[in-house]
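Below: the structure, in structure tokens.
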Amino acid sequence: MNVVGVAGLVCAAALVTAAAVPLVRRLALAWGAIDVPGGRGVTVKPTARLGGLAIFRGTALVLSVAGLFGWVPFTRSSFAVAPFVIGALLVIGVGVVDDFHRLRPHVKLVVEIVAALIVVTVAQHIHHRLLTMGLGQRRVVWALYTVQAIACAIAVYRFVNQ
């Protein structure tokens, strides 16, 4: 898939996510997942939480449709989907739990690092199988930087979303 195709999928996921926000907002209000002023966030009026569910729904739906139509190859030899889904579910799960019961930052960080490790381990396996040449220590450094980058990206999202 070329850059235009990826950009199209990203735009489609953003639109589906935006469409899911009202439903997720109603669920959050009904379930009491609300950030009140003076609480842990910086909101000035009560704000529904659970935004991660809308993001996951939009992304998963668009990737599923793209896979069904063959726009994204989900074959065993070209792409290992399960570990990426498991990593995403771990991050979404810790986010939902945190939206209801405030978790300590180190608990969230550990789960996010585990999710990143799962994704990087699979990516390394795919990379190794595709190239069939070992990268030795550079591969280990690449993996550590990638885990750090994924965990930092999640942490930045959580910080902005407070």
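Annotations for the structure displayed:
- Coil-residue trypsin sites (Lys or Arg not before Pro) of the stretch 1-53, DSSP, other Cβ within 10 Å capped at 16: R40
- Under-5 Å amide H pairs with V72, H placed in peptide plane, nonlocal only: G67
- For D35, the amide hydrogen comes within under 5 Å of the amide hydrogens of T47, A48, R49, counting only partners 5 or more places away or on other chains and with H modelled in the peptide plane.
- Largest to smallest accessible area among I86, I150 [probe 1.4 Å]: I86, I150
The values are calculated or read from the model by the stated rules, or taken from the named source; none is laboratory data. Owing to the predicted nature of the structure, the values given are computational and were not obtained by experimental measurement. Please note: Cβ atoms are built from the backbone with ideal geometry, for glycine as well, and neighbour counts cover all protein chains shown. Heavy atoms of the whole protein, side chains included, go into the accessibility calculation; ligands, DNA and RNA do not. Shrake-Rupley method; radii C 1.70, N 1.55, O 1.52, S 1.80 Å.
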